[in-house]
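Below is one structure, written out as structure tokens; the observations come after it.
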Amino acid sequence: VGRGDYLIRQRDEHRLDHTAAGTATAAPTTAAAQAAAGAGAGAGADVILDLVGGAGSSLFGHNHPDLVATARRCLDEQIPFNAQISIRPATAHLARRLSETVGATTGSRYVVTLGNTGADAVEAAVKHATVEHRRRLAALQQDVETTLRRLHRDQLADTPCASGPAVGRPCHLVLSEALTRIDAMRREDPVFVSLRNAFHGKSAGAGTLTHGANVPGDLHVPGPRHRRLTDWTPQRVISALDADFDSVCLLTLDAAGRAHSAVRRLSPVAAVFVEPIQGESGVHEVPAPTLAALRELADRHDAALVFDEIQCGMGRTGTFLASEPSQVSADYYLFSKSLGGGLAKVSALLVDERRYVPEFGRHHTSTFADDDFSSLIATQALELAHTYRARITETGDLLRRRLEQAAARWPQAIVAVRGRGLLLGVEFVLPQPDSGLLREAIDSESLGYLIAGRLLHTHRIRVMPTLSAPTTVRVQPSALLAHEEIERIGAAFEDAAALLARGQYATLLQH
Ligand code: PMP
């Protein structure tokens, strides 16, 4: 069973379970019931329970009726899809709702830039942070130049500094030195920070922030300057980039015209990116103290803290922001995936309005961004995130408990169950068969896909490994998952775990 085989079969069998498909009806389990439910699934269709969920995009299932109704209204009312340089109230409304929803937790207001995909939002954040950083240095340079001009005008340029680290040195020398260093930093590209095992997408910039997404080395192309934080210990995080600081002496003049010097640190760091729950690297929560340390790190460098909630946000973990329980706020938030309700391709960058570069949105445009179709669907998806909030927590808890039961029964096969709400991951033990041939067939790259094959062909359940940690199988059901299905999922995982624990590899390989 290779990756290709699995995908081909998926194309043959891509009719999905009704419950996962987002209707409120319970999943039909008998052939008769499936046939009766034929309207959506196709009469007599092979119904599959989808736990891949569009890699975390189908939080409201496939074709949720409220979202379909919204999409249909756009078509029935013939709302233009392409309407550049026109007023787009639906887009404005979505932006306002996003700002209010995140603001309800953080107390801030946000300016929203819409895009098309997750990576698109990441690129927009990289760009905005670059401009912010560049402008901050330019403003500082201007301040220093103004002070220097004043000193020359008042014939104080040669007088020595009255206090501070530059005491005794002529003012004009101190400020000229500062200008040289600020100018040098302005000429360098800014630095971006992300974490060990981060996943932020695969475009050039986002791909640089992403860590080891199982792509050959020569498929990585140079993006922005970058530092990776491998040690998440809070104290280490806070000081991790101290070596990147440069410092200059700046002067303030008192009423008597005396100059007082003080050290001002300059940092090349423009932004720190983090997924509050890392999805693609095997569903790992970044601990709250580490998130708080990242906040401190960003503040220390005057950089933007960016929470990439593209996969974990939108209510998937039971709170709208996965970062909410940590009580740490970011400067930028990124959303995509579930924001499009499984029907539209849309993403959003939210920037705290106090940091927003005013002309950014006018210059950062894309043909397909800001369309009414995606905006209306995304606004409806925000409503659904609210509607299903309690259900997501309840279903997530039940499902996690059932999967933990499976792990407890088969500790030889399952390492751990991780995650929150409907963003769960089950990590499997990599088996070590005696046969060299089997060891080659069942390696860390293939194991998750073999398990996915077993779950699909034997249990009609669709799962997929996480992208950069393929021994972890992701479990990302729709908010509408019927509770009766939880036992079926648990049993299917136990079956796969039993095969591995008993060394019945041939059965696992037979599909
Ligand atoms: N950020 C995170 C956290 C993601 O999980 C993903 C996709 N897995 C992305 C960014 C990139 O999104 P897209 O695939 O839409 O470019």
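The values are calculated or read from the model by the stated rules, or taken from the named source; none is laboratory data. What you see is a predicted model, and the numbers here were worked out from it, not measured in a lab. Please note: Cβ atoms are built from the backbone with ideal geometry, for glycine as well, and neighbour counts cover all protein chains shown.
If you go through segment 264-278 one residue at a time, do you hit one that is over 30 Å from residue 481 (Cα atoms) and touching a Cys at 6+ places or on another chain (Cβ under 8 Å)?
yes
Which condition from (1) out of contact with any Leu (no Cβ under 8 Å at 6 or more places or on another chain); (2) acidic (Asp, Glu); (3) exposed (fewer than 15 other Cβ atoms within 10 Å of the Cβ) is the one that residue 285 breaks?
For residue 285, the exception is condition (3).
Here are 131, 167, 144, 174: which of them is β-branched (Val, Ile, Thr), surrounded by fewer than 18 Cβ atoms within 10 Å (Cβ to Cβ), away from the ligand (no atom under 16 Å from the Cβ) and over 38 Å from the mean Cα position of the chain (by Cα)?
After ruling out the rest, the residue left standing is 167.
What single numbered condition from (1) outside any loop (DSSP other than H, G, I, E, B); (2) away from the ligand (no atom under 16 Å from the Cβ) fails to hold for residue 424?
(2)
Applying the selection to segment 254-286, what residues are touching a residue at least 24 places away in the same chain (Cβ under 8 Å), in a loop (DSSP other than H, G, I, E, B), on the phi < 0 side of the Ramachandran plot and among the hydrophobic types (A, V, I, L, M, F, W, C)?
The answer is 286, and nothing else.
Which one of 499, 455 is touching a residue at least 12 places away in the same chain (Cβ under 8 Å), in a helix (DSSP H, G or I) and over 31 Å from the mean Cα position of the chain (by Cα)?
On the way: 455 fails: over 31 Å from the mean Cα position of the chain (by Cα).
Going through 499, 455 in turn, just one is touching a residue at least 12 places away in the same chain (Cβ under 8 Å), in a helix (DSSP H, G or I) and over 31 Å from the mean Cα position of the chain (by Cα): 499.
Kindly establish whether residue 104 is under 17 Å from the mean Cα position of the chain (by Cα) and part of a helix (DSSP H, G or I). Before the answer, list the steps.
On the way: under 17 Å from the mean Cα position of the chain (by Cα): no; part of a helix (DSSP H, G or I): yes.
Here the answer is no, as residue 104 does not meet what is asked.
Sort out which residues of segment 200-223 are in a loop (DSSP other than H, G, I, E, B), within 16 Å of the ligand (Cβ to nearest atom) and not basic (Lys, Arg), and write them in order of number.
200, 201, 203, 210, 211, 212, 213, 214, 215, 220, 221, 223
Cβ-Cβ under 7 Å, sequence separation 6+ or interchain: first residue in segment 71-83 and in contact (Cβ under 8 Å) with a residue 12 or more places away in the chain, partner in a helix (DSSP H, G or I) and of a type in the set (A, V, I, L, M). Which pairs?
71/377; 74/376
Can you name the residue in segment 321-349 that is among the hydroxyl-bearing types (Ser, Thr, Tyr) and either in contact with a Gly (Cβ under 6 Å, 6 or more places away or on another chain) or under 25 Å from residue 75 (Cβ atoms) (or both) and, of all such residues, is nearest to the ligand (Cβ to nearest atom)? If you could, list the steps in order and put the result at the bottom.
From segment 321-349, those among the hydroxyl-bearing types (Ser, Thr, Tyr) are 323, 326, 329, 332-333, 336, 338, 347; that's our starting set.
Next cut, either in contact with a Gly (Cβ under 6 Å, 6 or more places away or on another chain) or under 25 Å from residue 75 (Cβ atoms) (or both) only: 336, 338, 347.
Values: 336: 5, 338: 11, 347: 7 Å.
Going through the qualifying residues, I end up with 336.
Can you tell me how many residues in segment 231-253 are part of a loop (DSSP other than H, G, I, E, B) and touching an Asp or Glu at 6+ places or on another chain (Cβ under 9 Å)? Full working, then the answer.
Applying the first criterion (part of a loop (DSSP other than H, G, I, E, B)) to segment 231-253 yields 231-233, 240-241, 245.
Next, from what is left, pick out any that are touching an Asp or Glu at 6+ places or on another chain (Cβ under 9 Å): 240.
Result for segment 231-253: 1.
Only residues that are modelled with pLDDT of 95 or more and touching a helix residue (DSSP H, G or I) at 6+ places or on another chain (Cβ under 6 Å): list them for segment 206-221, please.
Once the filter is applied, which keeps residues that are modelled with pLDDT of 95 or more and touching a helix residue (DSSP H, G or I) at 6+ places or on another chain (Cβ under 6 Å), segment 206-221 yields only 206.
If we scan segment 481-492, do we find a residue that is under 22 Å from residue 281 (Cβ atoms) and either of a type in the set (Ser, Thr, Tyr) or out of contact with any Phe, Trp or Tyr (no Cβ under 6 Å at 6 or more places or on another chain) (or both)?
Looking through segment 481-492, none of the residues is under 22 Å from residue 281 (Cβ atoms) and either of a type in the set (Ser, Thr, Tyr) or out of contact with any Phe, Trp or Tyr (no Cβ under 6 Å at 6 or more places or on another chain) (or both).
For the subset of segment 288-320 comprising residues that are assigned to a loop (DSSP other than H, G, I, E, B) and away from the ligand (no atom under 13 Å from the Cβ), which member is surrounded by the fewest Cβ atoms within 10 Å (Cβ to Cβ)?
302
Please give the number of the condition residue 51 fails out of (1) away from the ligand (no atom under 16 Å from the Cβ); (2) touching a strand residue (DSSP E or B) at 6+ places or on another chain (Cβ under 6 Å).
The failed condition is (1).
Exactly one condition in (1) away from the ligand (no atom under 16 Å from the Cβ); (2) assigned to a loop (DSSP other than H, G, I, E, B); (3) surrounded by 15 or more Cβ atoms within 10 Å (Cβ to Cβ); (4) not aromatic (Phe, Trp, Tyr) is not met by residue 197; state its number.
So residue 197 meets the others, but not (1).
Just one of (1) of a type in the set (D, E, K, R); (2) within 16 Å of the ligand (Cβ to nearest atom); (3) closer than 17 Å to residue 270 by Cα trips up residue 183, so point out which.
Just one mismatch for residue 183, condition (2).
For segment 222-236, check the following and say yes or no: at least one residue is crowded, with 18+ Cβ neighbours inside 10 Å, free of Cβ contacts under 8 Å to residues at least 40 places away in the same chain and polar (S, T, N, Q).
No; the residues of segment 222-236 include none that is crowded, with 18+ Cβ neighbours inside 10 Å, free of Cβ contacts under 8 Å to residues at least 40 places away in the same chain and polar (S, T, N, Q).
Which residue pairs have Cβ atoms under 9 Å apart, sit 6 or more places apart or on different chains, and have a first residue in segment 430-445 that is within 16 Å of residue 413 (Cβ to Cβ) and a second that is surrounded by fewer than 12 Cβ atoms within 10 Å (Cβ to Cβ) and among the aliphatic types (A, V, I, L, M)?
From segment 430-445, the pairs are 438/506.
Within segment 426-452, can you find the residues that are surrounded by 21 or more Cβ atoms within 10 Å (Cβ to Cβ) and either under 19 Å from the mean Cα position of the chain (by Cα) or over 28 Å from residue 202 (Cα atoms) (or both)?
Answer for segment 426-452, where residues must be surrounded by 21 or more Cβ atoms within 10 Å (Cβ to Cβ) and either under 19 Å from the mean Cα position of the chain (by Cα) or over 28 Å from residue 202 (Cα atoms) (or both): there is none.
Residue pairs, Cβ under 7 Å, 6 or more apart or interchain, first in segment 182-204 and under 19 Å from residue 131 (Cβ atoms), second in a helix (DSSP H, G or I) and modelled with pLDDT under 95. List them.
Cβ pairs passing all conditions: none.
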